[in-house]
Amino acid sequence: MWLALAFVSAALLGLYDTAKKASLKDNAVIPVLFLNTVFSTLIFSPFIISSITGESCAPAGAAGMLQAHLMTFAKSCIVLASWLFGYFGLKHLPITIVGPINATRPILVLLGAMLLFREKLNGWQWGGVVLAMVSLLMLSRSSKKENVDFVHNKWIWFIAASAITGACSGLYDKYIMRILDPAFVQGWYNLYQMMLMGLMMVALWMPNRHKSTPFHWSWAIPLISVFISAADFAYLSALRQPDSMISVVSLVRRSSVIVSFLCGAIIFKERNLKAKALDLAFILVGMLFIWIGSR
């Protein structure tokens, strides 16, 4: 069941990346991200209210409640850092480059899972990891045709920073899902993110908004929140199951690149698709290996 939830999360995550790319076209990053947190908080407001009233999914006792909120706030900070790097990087790079890079994020999660949770991979799963690494190497070469140098392009480093902090978030999720309810975590971490982004709006964007890219409304903005909320709920529910493996869930979730790649080709008319399709093929075969090894 947890593997099926991981694949559902992957499909929704691909749609999330597509909506995010569309909303960032010639648009200011910080307001878009702030509105994303606002809409996500509204979606999960029933869970926030129920935890306040004590009707459901709230940890017992004052000490337990304080610990739960501190742990959730820490998750908000980690995820927000990953989002900030990812949003800025995605704005300046083709989604058909960003998607495959993000698809290799689970390699970092794998290393952390082996060290922290003593997870072990079989031969099929290791084969999937190796194919993902080969795909990243191939992508770095094919991207040069679009004048994107992996070493000297700062937006590539932004995506790399997003991948690292995202991997940290994945490992942290596995830890807190042993203790907290997914609905409680998702509701409150969205609220904390909204508060943090509100401070950033007031302190950083508003004083300099006339000197940077202007903000304009896009109906893709609320779609970001809808897709990421549904994707994260499926993801956290998968991790909640005792037999789930964060290394496998994280890798399967990054098969979202299939959806984002197709949308990049069809909607955004991005170039150099033949070479990138070969990179994607390696990732797809890697996902197949992971699935076989997890049966």
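Every number here is computed from the coordinates shown, using simple stated rules; none is lab data. Note that the structure is a prediction, hence the values are computed from the model and not measured. Counting neighbours? That spans all protein chains shown, and the Cβs are built from the backbone with ideal geometry, glycine included.
Can you compute the helix-only [θ] at 222 nm over the chain? Use -39500 (n - 2.57) per DSSP H run of at least 4 residues, normalise by all residues, nearest 500 deg cm²/dmol. Intermediate values should be presented prior to the final figure.
Numbers: 13 runs with 220 residues, N = 295.
One gets -25000 deg cm²/dmol as the mean residue ellipticity at 222 nm.
For the chain, list the DSSP H helices whose alpha carbon atoms reach 20 Å or more along the long axis and whose average Kyte-Doolittle value is 0.0 or above?
2-23, 29-43, 62-92, 123-142, 154-176, 182-200, 220-240, 273-294
When only alpha-carbon atoms count, how far does the chain stretch along each of its three principal axes, as whole angstroms with the largest first?
56, 54, 29
How high is the FRET efficiency between residue 209 and residue 49 when r is their beta carbon distance and R₀ equals 30 Å, given to the nearest 0.05?
Working from the Cβ atoms, E equals 0.35.
Please go through the residue pairs 21/154; 25/154; 120/269; 174/211 and name each one whose alpha carbons sit more than 30 Å apart in this structure.
Pairs exceeding 30 Å: 120/269; 174/211.
Rounded to the nearest 0.05, what FRET efficiency do residue 42 and residue 160 give with R0 = 35 Å and r taken as the Cβ-Cβ distance? Could you check?
After rounding to 0.05, the efficiency reads 0.65.
How do 19-31, 162-174, 121-133, 204-216 rank on mean C-beta neighbours within 10 Å, highest first?
Those peptides, ordered most packed to least, come out 162-174, 19-31, 121-133, 204-216.
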